[in-house]
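Asker: Here it is, the structure, as structure tokens.
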Amino acid sequence: MIRMCLSAMLLLTAWLVPAHAQGNNQAGVDSANALPDDFRGRISYFGNHSGEVVSTLTISGGPKKDCPRPDHRCPERIGGSLEIELEFDGDIVKGNFRGTGGLRDSQLIGRRVGSQCRLYDLTDGSVWQGRCDAQGFQGGVKSVPNANVQITLSFEAVGTKVRDYSEWERRRRAAWLRKRHYQILRAQYEGNGPIELRFAAAVELDAFNWSLDGFRAGSMTNIHKTKAKRGAYEISGDFTLESGAKGSVRARVENEQIVCLEYWDIPGVCRPLAMPNPPPDPEDQPPAETSWLLPSTPQPQPVQLAMRLANVRLTR
């Protein structure tokens, strides 16, 4: 008897430990995929849906020839592909969806709590509820009780693209800073300030065109100028590249105007300043994207939920 009890306890322990470990692993995966509470961005999903729709018979008629029920509220199965795009602004979620197989296109709005989204269809008020994160959006759709068209379906879609607006905003701020820095350098170079200031500005402006190992802003040091002869002299300095390497440059000045620049890596070649074009203004909004998965206009389908909503008689 004691042996049987011990064997049962060992078997129970062996079953519980893997189950507990699997639960912990799943919780860890869900936590890793969860979006931050302050996430701002857009996520595209693609998957499928499956369910049924029930229409109410009206004066205009409806699908009734194949329905034996007196109230003509026979459910009809729907299913097909589904594309969803959600835009997150903290806990506020907006989006749209498009589907095939009887699901009409519409828009969604609602809130997110952690990894759970509860969204409302702007057309008929049906509720889309389920888990939403960077990996996917899955759950179910349920119509409000008294709607003329009752839809019940489940859906599952995987995340196909994540656009983090915080990264776009970081690049946008960097672009504005670069543009402002260019304007300051241009004003210094074209101004009447000390030649040392104009020389440093000229070198940094010239470096705007460098595609590899750029100039580290503000790194110009050891600026020296030679004694002027007939209004001409040379001015030189050292600087640091973005890689940390050192460089040097020398400029020829005539009548207090910088004529050319000679760099340490191309000795003997003094060329004019290559004035760069002003950096473009960054975009005020993230660039819009069009779907490449589903057509932008609904394609003819055997049974369209939109036709049901309009109470159009179907001939079969």
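Asker: Condition test on Thr123, is it out of contact with any Cys (no Cβ under 7 Å at 6 or more places or on another chain), under 18 Å from Phe46 (Cα atoms) and surrounded by 14 or more Cβ atoms within 10 Å (Cβ to Cβ)? Steps first, please.
Answerer: On the way: out of contact with any Cys (no Cβ under 7 Å at 6 or more places or on another chain): yes; under 18 Å from Phe46 (Cα atoms): no; surrounded by 14 or more Cβ atoms within 10 Å (Cβ to Cβ): yes.
No.
Asker: Please pick out the residue among Arg171, Arg216 that is surrounded by 13 or more Cβ atoms within 10 Å (Cβ to Cβ) and either in contact (Cβ under 8 Å) with a residue 24 or more places away in the chain or under 13 Å from Leu273 (Cβ atoms) (or both).
Answerer: Sole residue among the options that is surrounded by 13 or more Cβ atoms within 10 Å (Cβ to Cβ) and either in contact (Cβ under 8 Å) with a residue 24 or more places away in the chain or under 13 Å from Leu273 (Cβ atoms) (or both): Arg216.
Asker: Please go through segment 177-196 and give me each residue that is closer than 13 Å to Ala251 by Cα and either surrounded by 16 or more Cβ atoms within 10 Å (Cβ to Cβ) or free of Cβ contacts under 8 Å to residues at least 24 places away in the same chain (or both), ordered by number.
Answerer: Residues of segment 177-196 that are closer than 13 Å to Ala251 by Cα, as a first pass: 195-196.
Hit for segment 177-196 is Ile195, nothing else.
Asker: Tally the residues that are modelled with pLDDT under 90 and under 15 Å from Arg131 (Cα atoms), restricting the search to segment 33-48.
Answerer: Here the count works out to 5.
Asker: Sticking with this one: Please determine, by comparing only the residues of segment 226-246 that are buried (at least 16 other Cβ atoms within 10 Å of the Cβ) and touching a residue at least 24 places away in the same chain (Cβ under 8 Å), which one is farthest from His181 (Cα to Cα).
Answerer: Ile235
Asker: Is it true that Arg163 is charged (D, E, K, R), touching a residue at least 40 places away in the same chain (Cβ under 8 Å) and surrounded by 14 or more Cβ atoms within 10 Å (Cβ to Cβ)?
Answerer: Numbers: charged (D, E, K, R): yes; touching a residue at least 40 places away in the same chain (Cβ under 8 Å): yes; surrounded by 14 or more Cβ atoms within 10 Å (Cβ to Cβ): yes.
For Arg163, the condition - charged (D, E, K, R), touching a residue at least 40 places away in the same chain (Cβ under 8 Å) and surrounded by 14 or more Cβ atoms within 10 Å (Cβ to Cβ) - is met.
The values are calculated or read from the model by the stated rules, or taken from the named source; none is laboratory data. Worth saying up front: this structure is predicted, and the values here are computed from it rather than measured. Note: ideal-geometry Cβ built from the backbone for every residue, glycine included; neighbour counts use all protein chains shown.
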